[in-house]
Amino acid sequence: MTGSVLFDAPGPRTIARHRLYSILTVVAVVAAIAGVLLFLRSEGELAYEKWEQFVTPKYVEALLVDGLLKTLQMAFTSVIFAVVFGVVFGVGKLSDHRPVRWACTLVVEFFRAVPVLLLMIFIFFTWGVGDGFGPYWSVVFALTLYNGSVLAEVFRAGVLAVPKGQGEAAYAIGMRKTQVMNLVLLPQAVKIMLPAIISQCVVALKDTSLGYYIVAPGLTYIGKAMWTEFPGTHLQTAVVLAVLYISVNLLLTGLATWVQKKFVGEHKPLDVGMTALTGLTAQGTGGAPGPGIGAP
Amino acid sequence: MDDVFSNFDLVLKAFWMTVQLAVLSGVAAMVLGTLLAAMRVGPVAVLRTVASTYVTVVRNTPLLVMCVFVFFAAPNLGLLVGTPFLVKGTIAVGLYTAPFVAEAIRSGVNAVPLGQAEAARAIGMTFAQNMRHVVLPQAFRASVPPLASTLIAMTKNTSVVAVFGIMEATARMRYFVNRNADDTILIFVVFAIGYILLVELISLGAVGLERRWKAAR
Amino acid sequence: MRLTRLKVAAAAVLVASTLAACGDAGDDDDKGLDVDVQDNAAEEFDAGTRMRELADAGSIKIGVKYDQPGIGFKGATDDTPVGFDPEIGKILAADLGIAPEDIDWVETISANREAFLQKGEVDLVIASYSITDERRQVVGQAGPYYVTGQQLLVKSDSDIESIEDVKGTEVCSVTGSTSLANIEAEGATPRGFDTYSECVDQVLNGTVDAMTTDGAILLGYAAEHPDELKVVVEPFSEERYGVGYSIDHPEMCDWITETIEDAQEDGDWAAAFEVTLGKSGVETPEPPAMDPCA
């Protein structure tokens with residue numbers, strides 16, 4: 001159902017009323033923005049000195065190289081691991097053997113129900129500190145377990161979304177179970193799942209910010225170092241961080257939409273709302289904007 | 001290991017804080033999210049733009065950065081200084097969750113059969129009447145599963161306020177981990193079970209709600 | 001719609017990169033004390049000792065904190081950390097004939113100090129590293145070069161004067177720290193933050209009533225804001241900061257102890273204190289007596 005079904009084509013009076021609403025809204029929004037800017041200016045928050053570090057080459061470099069690049073590395077590394085984890089456990093959940101199915105379901109449901117931050121702190125303080133693998137990998141492993149569990153559901157749904165006849169035909173020509181899965185079902189499923197995987201990158205990217213808690217590198221770490229060095233610039237730093245996150249995420253969302261159109265067509269994006277245990281899902285901390293959701 | 005169990009009241013108190021945060025943020029996010037959803041499907045283009053801008057911006061910003069605004073940037077400007085930490089947590093988590101609620105409700109609106117809205121229009125209902133009496137009651141029903149997902153994610157997300165001064169479950173786990181470095185696994189399991197119970201509670205509530213509303217149809 | 005948004009984002013990135021050439025934030029802070037670097041230091045030490053090896057090599061790796069003003073702090077783009085701990089490090093290095101610029105500073109956090117010493121990632125740890133019996137099982141600790149204890153940092157006009165006054169107030173510290181647990185036991189509402197500097201901001205803007213941790217750390221912040229903040233309450237715990245060294249080189253203990261004792265006598269210790277923690281206007285304390293080496 002599209003938005004337009006909800007209301008009639010507006011008549012002259014309605015158009016006038018809507019115009020009034022529009023004008024009022026624009027006035028209110030402009031007034032709000034102006035009010036905020038004036039307030040910030042009177043507080044001296046817009047002064048050049050408070051923003052200077054963000055146009056100073058060495059700090060820009062720190063933000064982009066030690067910050068953004070590390071954040072992207074952590075996000076993509078964990079997504080790649082998560083895809084592997086997701087395939088193993090997603091296929092495991094489709095296994096014909098009940099114990100395998102149950103074990104995989106249990107693992108997947110556990111990691112989906114536990115806050116990723118709790119997981120991260122646990123991993124860091126158990127195996128990450130001291131001689132351990134450090135905060136960077138603690139973030140990567142926590143995000144792998146969490147996103148991998150979400151992707152396991154995506155993979156399961158993806159395999160189930162391949163038309164039934166495909167598998168049946170493969171069995172009919174004498175393929176074995178593994179062959180059917182590896183040669184027929186998974187390749188097609190991956191195509192359907194690609195946009196969901198990219199969307200999961202957005203979730204992972206946002207969740208790398210949680211590395212802040214365990215002194216992992218990344219954007220929030222650099223942000224913290226910068227507002228510590230320039231006291232009273234939390235606002236400015238947070239604005240810059242938000243802009244960076246939003247830009248990268250919009251690029252990723254755009255990519256997901258493009259992939260969706262190019263490879264999947266007009267199919268609905270995969271919905272993995274249902275879980276085996278409760279019939280409901282525990283969605284990502286971020287909950288990526290699903291591809292294809294735009295303005296009505 | 002005895003530390004967690006002999007101080008179990010601290011664990012319970014921490015989860016009570018998590019529950020309070022989740023309930024308050026949930027209410028805030030539902031109100032704001034419903035408003036955003038109505039704006040997004042409504043006839044006024046400007047309102048649609050405002051709502052979708054908010055949704056786009058907030059959905060792509062990490063909750064941690066939202067918390068920096070609410071807990072660090074605002075007090076430095078003299079805002080929210082006397083505000084209780086629980087309220088600040090509610091503001092951060094509520095503002096962050098609202099767009100996800102809006103999207104869940106919008107998907108519910110999309111699930112309402114076309115004929116319903118058309119029939120409402122046919123008998124002369126305005127957009128507001130149509131939404132209030134025909135579309136939204138049904139949309140909420142269809143939104144129950146995605147809304148439950150959103151609320152579950154939100155409950156888990158309340159953990160992010162742990163280093164912003166609120167002693168909720170995750171901060172309390174840090175406390176125990178620090179005191180008992182050899183027992184992290186047990187401590188983690190205790191706290192994980194707490195979260196899983198909360199998550200299952202929301203799931204069961206949603207399943208029950210769905211069943212009841214289905215019967216009422 | 002989406003395309004336009006992408007274009008806007010791309011344009012924003014471009015604008016940012018063009019602007020990037022013109023700012024000049026961050027200034028070079030004072031670099032602390034000048035130390036007398038010993039000439040021919042290597043000959044002072046017996047062959048085979050770790051000190052001889054370091055003096056011969058002409059460089060030393062010292063682990064310090066990077067996030068505690070006054071104690072050990074390094075800005076996002078600074079080359080070297082500043083603070084009381086790095087000053088002690090420079091005094092020790094100078095005795096080996098190693099100039100400050102030849103010191104390899106390594107960031108240590110509370111969680112990794114023992115491991116860094118055991119694995120030889122650093123030669124010394126000088127990082128608000130309290131001497132405890134537990135730690136002395138696995139690493140060497142010489143000192144104390146400084147004695148402090150848990151205190152409170154409050155606004156200059158605060159009513160909090162004694163530990164009894166914290167009941168019912170909101171007191172912040174670092175999430176999961178012992179200090180936070182102690183103050184909770186005193187009846188305050190604990191407010192855990194990620195770092196001390198977040199916490200001190202909350203005190204400055206009036207969100208919380210006080211901050212608590214080792215007095216030395218609090219003095220560092222009071223030094224940054226001498227008009228707005230003060231350190232109150234008799235220390236209600238004793239933290240003795242020591243210099244950490246590898247347990248495989250027990251000979252380092254006597255050297256560290258003697259070098260710091262010399263610095264205490266000739267005024268270097270006091271001077272190091274004055275340019276770092278002493279900036280808060282607090283009187284330079286009597287240097288603590290060093291423990292004898294085993």
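Can you tell me which residue in the range B:127-141 is nearest to B:R40 (Cα to Cα), limited to those that are surrounded by 14 or more Cβ atoms within 10 Å (Cβ to Cβ) and not aliphatic (A, V, I, L, M)? Show your work before the answer.
Taking the range B:127-141 and keeping what is surrounded by 14 or more Cβ atoms within 10 Å (Cβ to Cβ), we get B:127, B:129-131, B:134-136, B:138-141.
Those still in the list that are not aliphatic (A, V, I, L, M) too: B:127, B:129-130, B:138, B:140-141.
Numbers: B:F127: 13, B:Q129: 16, B:N130: 15, B:Q138: 17, B:F140: 16, B:R141: 19 Å.
So, considering only residues that are surrounded by 14 or more Cβ atoms within 10 Å (Cβ to Cβ) and not aliphatic (A, V, I, L, M), the one nearest to B:R40 (Cα to Cα) is B:F127.
Is there any pair with a first residue in the range B:50-65 that is at the interface with another protein chain (Cβ under 7 Å from one of its Cβ atoms) and surrounded by fewer than 20 Cβ atoms within 10 Å (Cβ to Cβ) and a second that is of a type in the set (S, T, N, Q) and part of a helix (DSSP H, G or I) whose Cβ atoms are under 9 Å apart and which are 6 or more apart or on different chains, and what are they?
Here the result reads B:V50/A:T25, each pair linking the range B:50-65 to a residue that is of a type in the set (S, T, N, Q) and part of a helix (DSSP H, G or I).
Output the residue which, of all residues in the range C:124-142 that are part of a strand (DSSP E or B) and within 15 Å of the chain's Cα centre (by Cα), is farthest from C:F236 (Cα to Cα).
The residue in question is C:L124.
Just checking, which of B:V163, B:V189, B:V177 is without any contact (Cβ under 8 Å) to a residue 24 or more places away in the chain, under 30 Å from B:V87 (Cα atoms) and more than 26 Å from the chain's Cα centre (by Cα)? Please lay out each step first, then the result.
On the way: B:V163 fails: more than 26 Å from the chain's Cα centre (by Cα); B:V189 fails: more than 26 Å from the chain's Cα centre (by Cα).
Exactly one of B:V163, B:V189, B:V177 is without any contact (Cβ under 8 Å) to a residue 24 or more places away in the chain, under 30 Å from B:V87 (Cα atoms) and more than 26 Å from the chain's Cα centre (by Cα), namely B:V177.
Residues of the range B:132-160 being more than 9 Å from chain A (Cβ to nearest Cβ) and polar (S, T, N, Q), which ones?
B:Q138, B:S143
Return the only residue of A:Q200, A:Q236 being under 21 Å from the mean Cα position of the chain (by Cα) and either in contact (Cβ under 8 Å) with a residue 60 or more places away in the chain or on the phi > 0 side of the Ramachandran plot (or both).
Working: A:Q236 fails: under 21 Å from the mean Cα position of the chain (by Cα).
None of the other options fit; the residue is A:Q200.
Condition first: over 22 Å from C:Y66 (Cα atoms), without any contact (Cβ under 8 Å) to a residue 60 or more places away in the chain and either touching a helix residue (DSSP H, G or I) at 6+ places or on another chain (Cβ under 7 Å) or in a helix (DSSP H, G or I) (or both). Can you find one or more residues in the range C:143-158 that meet it?
Checked against the condition, which is being over 22 Å from C:Y66 (Cα atoms), without any contact (Cβ under 8 Å) to a residue 60 or more places away in the chain and either touching a helix residue (DSSP H, G or I) at 6+ places or on another chain (Cβ under 7 Å) or in a helix (DSSP H, G or I) (or both), the range C:143-158 yields no hits at all.
If you go through the range C:61-76 one residue at a time, do you hit one that is assigned to a loop (DSSP other than H, G, I, E, B), in the same structural domain as C:A127 (by TED's automatic domain parsing), over 12 Å from the mean Cα position of the chain (by Cα) and closer than 30 Å to C:T195 by Cα? Steps first, answer last, please.
Of the residues in the range C:61-76, the ones assigned to a loop (DSSP other than H, G, I, E, B) are C:65-66, C:69-71, C:74-76.
Pick out the ones that are also in the same structural domain as C:A127 (by TED's automatic domain parsing) and you get C:65-66, C:69-71, C:74-76.
So of that shortlist, the ones also over 12 Å from the mean Cα position of the chain (by Cα) come out as C:75-76.
Applying the additional criterion that residues be closer than 30 Å to C:T195 by Cα yields C:75-76.
Yes, that holds for at least one residue.
Is it fair to say A:L151 is touching a residue at least 60 places away in the same chain (Cβ under 8 Å), surrounded by 24 or more Cβ atoms within 10 Å (Cβ to Cβ) and in a helix (DSSP H, G or I)?
yes
Can you pull out the residues in the range A:225-239 that are facing chain B (nearest Cβ under 10 Å) and either surrounded by 24 or more Cβ atoms within 10 Å (Cβ to Cβ) or within 19 Å of A:V140 (Cα to Cα) (or both)?
First, the residues of the range A:225-239 that are facing chain B (nearest Cβ under 10 Å): A:227, A:231-239.
Scanning the range A:225-239 gives A:W227, A:T233, A:H234, A:T237.
Among what's in the range A:83-118 and is at the interface with another protein chain (Cβ under 8 Å from one of its Cβ atoms) and in a helix (DSSP H, G or I), pick the residue that is nearest to A:L210 (Cα to Cα). Reasoning before the result, please.
Taking the range A:83-118 first, the residues at the interface with another protein chain (Cβ under 8 Å from one of its Cβ atoms) are A:110, A:113-118.
Subsequent filtering for residues that are in a helix (DSSP H, G or I) retains A:110, A:113, A:116-118.
Numbers: A:F110: 20, A:A113: 17, A:V116: 9, A:L117: 7, A:L118: 10 Å.
Among those residues, the one meeting the criterion is A:L117.
Looking at C:S173, C:S158, C:S177, which one is away from every other protein chain (no Cβ under 12 Å) and among the small types (G, A, S)?
Within the list C:S173, C:S158, C:S177, the selection yields C:S158.
The values are calculated or read from the model by the stated rules, or taken from the named source; none is laboratory data. Keep in mind that what you see is a predicted model, and the values were worked out from it rather than measured. When we count neighbours, we look across all protein chains shown, and the Cβ atoms used for this are built from the backbone with ideal geometry, even at glycine.
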